[in-house]
Amino acid sequence: MLDEDQRFELMKRLRAELPDAPKPQAKGGRDAFRSVVSCLLSAQSLDRNTAAASKALFALADTPQGILDLPEERIVDAIRPAGLYNVKARNLRRMCRALIDEHGGTVPQTRKGLMSLPGVGRKCADIVLHFTFGQDTVAVDTHVHRVCNRTGLAHGKTEAQTAASLEARIPDGFLSDGHLLLLTHGKRTCRARAPLCPTCVLRDLCEAFPAILD
Ligand code: SF4
């Protein structure tokens, strides 16, 4: 595992690679609802398929009551591109019911509140907290999970375990852009297949290098 100085150096180099990382803006209302719905739809779905499903659904309704008023078949048809549409339609309706009955129709602004909603796990909760409510938290998706475990920044067998490890190990000052920095590095350089280790700025820090090239 990387020590404190190494973790700081790692994050500093990633920030130098991406100096203009946009800061998330706090939003709310319908944006928050759209965000949590898109997150629910994104499970095991490619970004473009999630976007297509979200667009089709929001053309029909974009409030909890509006979605509850739709026949389930219309929801299923709209979200079909995202896959697992029967389960997701059911969770979506249960989530809308819980928002109305337990949260006054608004999206809760705490991890605990978000994770109490059907279909919402830690990754989804952290994404909504960060990108919709502008809170300092590092959401761990498949790319962040991979970079953390390869480098030794944090460890965990699952994304949720890595998120808990990272929360304790990410250096001060990197909570606001840590997700974007790690995500971008994972997509551009530390790719799942054929990572670009020989030109990676982290190779002298990374626990996986050079064994990963064997
Ligand atoms: S050296 Fe390779 S494995 Fe390590 S962070 Fe860079 S790309 Fe990923």
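For the range 147-214, what is the relative contact order in percent, using Cα pairs closer than 8 Å and at least 6 residues apart in sequence? Once divided by the residue count of the range 147-214, the mean separation gives 32 percent.
Mind ordering 80-91, 143-154 by average Cβ neighbours within 10 Å, highest first?
Details: 80-91: 17.7, 143-154: 23.0.
Put in order of decreasing packing, that is 143-154, 80-91.
Report the calculated FRET efficiency for Glu207 and Asp20 (r = Cβ-Cβ distance, R0 = 22 Å), to the nearest 0.05.
Details: r = 29 Å, r/R0 = 1.30.
Given R0 = 22 Å and the Cβ-Cβ separation, E is 0.15.
Relative contact order of the range 30-121: 31 percent, from C-alpha pairs under 8 Å at least 6 residues apart in sequence.
Note down the net charge around Gly121, summing +1 for each Lys or Arg and -1 for each Asp or Glu among other residues with Cβ under 14 Å from its Cβ.
Counting the neighbours of Gly121, the net charge comes to +2.
Among the cysteines of the chain, Cys96, Cys148, Cys190, Cys197, Cys200, Cys206 have no other cysteine beta carbon within less than 4.7 Å of their own.
Accessible area per residue for the range 57-214 in Å², computed with a 1.4 Å probe and the full protein assembly in place, what is it?
Values: 7390 Å² over 158 residues.
I get 47 Å² per residue for this part.
Round to a whole angstrom and tell me the spacing of the C-alpha centers of the range 96-117 and the range 177-208. Value for the Cα centre distance between the two parts: 35 Å. Across the range 112-119, computed HN-Hα scalar couplings (Karplus, 6.51 cos²θ - 1.76 cosθ + 1.60, θ = phi - 60°) run 4, x, 5, 6, 7, 7, x, x Hz from first to last residue, x flagging Gly and Pro. For the options Cys197, Cys39, Cys124, a Gaussian network treatment of the chain with springs between C-alpha atoms closer than 10 Å singles out Cys197 as fluctuating the most. Across the chain, Cα pairs under 8 Å and at least six residues apart give a relative contact order of 24 percent.
Between Glu72 and Arg30, what is the FRET efficiency for a Förster distance of 30 Å, r being their Cβ-Cβ separation, to the nearest 0.05?
Working: r = 22 Å, r/R0 = 0.73.
Taking R0 as 30 Å, the efficiency between Glu72 and Arg30 is 0.85.
For the chain, rounded, prolate or oblate, judged on the Cα gyration tensor with a ≥ b ≥ c (square roots of eigenvalues), a/c < 1.5 rounded, else prolate if a/b > b/c?
Values: a/c = 2.49, a/b = 1.93, b/c = 1.29.
Cα axes put the chain in the prolate bin.
Note that the range 126-131 has calculated 3J(HN,Hα) couplings of 5, 5, 5, 4, 6, 7 Hz, one per residue in order, obtained from phi through the Karplus relation 6.51 cos²θ - 1.76 cosθ + 1.60 (θ = phi - 60°); glycine and proline are x.
With the whole protein complex present, Met95 retains an accessible surface near 0 Å², based on a 1.4 Å probe. Over the chain, what percent of the accessible surface lies on carbon and sulfur atoms, probe 1.4 Å? Using a 1.4 Å probe with all protein chains present, the chain comes out at 51 percent carbon and sulfur.
The values are calculated or read from the model by the stated rules, or taken from the named source; none is laboratory data. Note that this is a predicted model, so its numbers are computed, not measured. Positions of Cβ are generated from backbone atoms using ideal geometry, with glycine treated the same way; all protein chains shown enter the neighbour counts. To get the accessible areas, we keep the full protein, side chains included, count just its heavy atoms, and leave off ligands, DNA and RNA. Shrake-Rupley method; radii C 1.70, N 1.55, O 1.52, S 1.80 Å.
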